[in-house]
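As structure tokens, the structure follows; a few thoughts come after it.
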Amino acid sequence: MVLNAVRNLTIFIKHSTSVERRKMKVMGLSEETTEHITFNLANTKVTKTMVAYYRETYNYAIRLKKLPCLLIKSKVKQYIPMELCFIQAGEKMPGKLTSLEMEGLVLLTRDKPSNRRLAIEEMMRKQHGPYDPSNLRLPIPPLSFFQHVLQE
């Protein structure tokens, strides 16, 4: 279930200090938890655990050690702890809707458009609607802007 939810998502990494953030594509999940993943450092025979590597290299203590890591699409197996990743803004979830999600959409859209519009307008007219001016508290008074249309 989780594997299907994360597969093919585009993510960014939080711990990276570089100005340019690389997009990464998730291919799957690790079979082991973060605390049990070990790997060899590049060009050396030194074996490190994922937790020790992030603590020593980035001065970051991984808190969610019992979660699997995300497998990133690359030439070699590259795992990233889930807590260091965030989903790209506007990313669409892959796959089909579940039956519960589909049922919710059907219930939402089965009314006639005119009835849905009336329900929205009624909600907007209520005293405590989402855009009720009495609930709006601004740190500064609202500014007024003037428009000027240029003539050709």
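The values are calculated or read from the model by the stated rules, or taken from the named source; none is laboratory data. All of these numbers come straight from a predicted model, not from anything done at the bench. Counting neighbours? That spans all protein chains shown, and the Cβs are built from the backbone with ideal geometry, glycine included.
Quick one: which of Met50, Met82 is modelled with pLDDT of 85 or more, of a type in the set (A, V, I, L, M, F, W, C) and within 16 Å of the chain's Cα centre (by Cα)? Reasoning before the result, please.
Values: Met50 fails: within 16 Å of the chain's Cα centre (by Cα).
Being modelled with pLDDT of 85 or more, of a type in the set (A, V, I, L, M, F, W, C) and within 16 Å of the chain's Cα centre (by Cα) holds for just one of Met50, Met82, which is Met82.
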What do you reckon, is Tyr58 within 23 Å of Val6 (Cα to Cα) and among the aromatic types (Phe, Trp, Tyr)? no
Return a yes/no flag: does the stretch 118-133 have any residue that is at pLDDT 70 or above, in contact with a Cys (Cβ under 6 Å, 6 or more places away or on another chain) and outside any loop (DSSP other than H, G, I, E, B). no
Taking Ile87, is it of a type in the set (Val, Ile, Thr) and at pLDDT 75 or above? yes
Considering only strands (runs of 3 or more DSSP E) fully contained in the stretch 37-85, which possess at least 3 residues that are assigned by TED's automatic domain parsing to the domain that holds Ile13 and out of contact with any Cys (no Cβ under 7 Å at 6 or more places or on another chain)? 38-40, 47-49, 68-72
Evaluate the following for Lys75: is it within 30 Å of Tyr60 (Cβ to Cβ), loosely packed, with under 10 Cβ neighbours inside 10 Å and modelled with pLDDT of 60 or more? yes
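Going residue by residue through the stretch 98-113, is there one that turns out to be modelled with pLDDT of 70 or more, within 30 Å of Thr33 (Cβ to Cβ) and in a loop (DSSP other than H, G, I, E, B)?
Step one: filter the stretch 98-113 for residues modelled with pLDDT of 70 or more, giving 98-107, 109-113.
Among the residues that remain, those that are also within 30 Å of Thr33 (Cβ to Cβ) are: 98, 100-101.
With the extra rule that they be in a loop (DSSP other than H, G, I, E, B), the set shrinks to 98.
Within the stretch 98-113, one or more residues are modelled with pLDDT of 70 or more, within 30 Å of Thr33 (Cβ to Cβ) and in a loop (DSSP other than H, G, I, E, B).
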Name the single residue that is modelled with the lowest pLDDT among those in the stretch 8-31 being surrounded by 11 or more Cβ atoms within 10 Å (Cβ to Cβ) and farther than 23 Å from Lys65 by Cβ. Arg21
